[in-house]
1. Which residue pairs have Cβ atoms closer than 7 Å, lie 6 or more positions apart in sequence or on different chains, and pair a first residue in region 31-46 that is closer than 17 Å to LEU19 by Cα and part of a loop (DSSP other than H, G, I, E, B) with a second residue that is at pLDDT 70 or above and open to solvent by 90 Å² or more (accessible area, probe 1.4 Å)?
2. Can you tell me which residue among GLU101, GLU79 is open to solvent by 70 Å² or more (accessible area, probe 1.4 Å) and either among the aliphatic types (A, V, I, L, M) or at pLDDT 85 or above (or both)?
3. What is the number of the single condition among (1) surrounded by 14 or more Cβ atoms within 10 Å (Cβ to Cβ); (2) at pLDDT 70 or above that PHE7 does not meet?
4. Counting only residues that are in contact with a helix residue (DSSP H, G or I) (Cβ under 8 Å, 6 or more places away or on another chain) and modelled with pLDDT of 90 or more, which one in region 47-65 is most open to solvent (accessible area, probe 1.4 Å)?
5. Being under 16 Å from VAL47 (Cα atoms), open to solvent by 60 Å² or more (accessible area, probe 1.4 Å) and not aliphatic (A, V, I, L, M) is the filter here, so list the residues in region 18-32 that pass it.
Amino acid sequence: MASDESFRLAELEGLVPTLLKVYSMVYDVPYPPKGDGNKPSTPQEIVEAADDFKRRLQAARETIDSLPGGDVDVEGQEEIIKMLEKWRDLKREQLRKKFTEAP
């Protein structure tokens, strides 16, 4: 698994709740749902929530861009898959030979 520096899952996980917060403020829908009602959001609160979402989205983009292999096109990916399938088949054959040979 990639290190914390190259892949920060928390940045991706926080996107949906942040977006739902902005949506709830714009459309005056309580989020998270509460029984005590929802106070109308001020324009400044909506701007701050939208800015928070933009910051989180940018951080998520940077995280995704930093993942290894992101620069490989479809043809390159297919070549890698074929190479790995050949390697897998070779290893299977080696294991089969090892465990089916008489001692």
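The values are calculated or read from the model by the stated rules, or taken from the named source; none is laboratory data. All values derive from a computational prediction rather than experimental measurement. Positions of Cβ are backbone-derived with ideal geometry, glycine not excepted, and every protein chain shown enters the neighbour counts. Please note that ligands, DNA and RNA were not included when accessible areas were found on the heavy atoms of the full protein model with its side chains. Shrake-Rupley method; radii C 1.70, N 1.55, O 1.52, S 1.80 Å.
1. TYR31/LYS21
2. On the way: GLU101 fails: either among the aliphatic types (A, V, I, L, M) or at pLDDT 85 or above (or both).
One residue alone meets the criteria, GLU79.
3. Every condition holds for PHE7 apart from (2).
4. Selected residue: ARG56.
5. Hits for region 18-32 are LYS21, TYR23, TYR27, ASP28.
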